[in-house]
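Where a number appears in this text, it was derived from the coordinates with a stated rule and is not lab data. Keep in mind the model is a prediction, meaning the values are calculated, not measured. With ideal geometry, Cβ positions are generated from the backbone for all residues, glycine too; neighbour counts draw on all protein chains shown.
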Amino acid sequence: MPRPTKPRRICEEPAIKGFAPEDTKLKAEVITMSVDELEAIRLIDIEGISQEECALRMNVARTTAQAIYNSARTKTAKCLVYGYELQISGGNYEVCNGQGGCCACGKTAQ
Ligand SMILES: [Zn+2]
């Protein structure tokens with residue numbers, strides 16, 4: 001049995017649950033991106049932070065953050081290039097509560 005991994009921290013549940021290509025004839029394959037993969041894309045490509053900083057925010061090792069990000073990028077590229085449908089769901093994650101040292105999203109502990 002694989003070793004259980006600790007949950008990856010995200011700031012918020014994503015508002016978007018998926019995308020589909022405009023050309024529905026292309027809708028041959030569905031790619032599932034986990035919520036933690038989307039968070040890595042959000043942090044690195046939108047917030048513009050480094051992979052090291054992303055690892056701290058998500059509470060994972062740097063190599064793990066890199067692997068999550070690389071996987072997310074590949075999936076994104078396949079959807080854009082091949083017109084695959086994208087679903088965003090699942091993954092081993094927890095939403096930050098303001099106590100774990102994230103918390104650049106500005107949350108404070110309840
Ligand atoms: Zn946060």
| note | Packing-ranked peptide list from 67-73, 55-61, 35-41, highest mean Cβ count within 10 angstrom first, is 35-41, 55-61, 67-73
| query | Given a Förster distance of 25 angstrom, what is the FRET efficiency for residue 29 paired with residue 94, based on the Cβ-Cβ distance and rounded to 0.05? | reply | 0.25
| query | Among the aspartates and glutamates, which have Cα under 19 Å from the Cα of residue 78 when same-chain residues fewer than 8 positions away are ignored? | reply | 22, 23, 29, 36, 37, 39, 45
| note | Residue-normalised 222 nm signal for the chain, counting each DSSP H run of n ≥ 4 as -39,500 (n - 2.57), nearest 500 deg cm²/dmol, is -10000 deg cm²/dmol
| said: Taking 8 Å as the Cα distance limit and 6 or more residues as the minimum spacing, I'd like the relative contact order of the stretch 8-94 as a percentage. | reply: 51 percent
| said: Percent of Cα-Cα pairs more than 18 Å apart in the chain, please. | reply: 51 percent
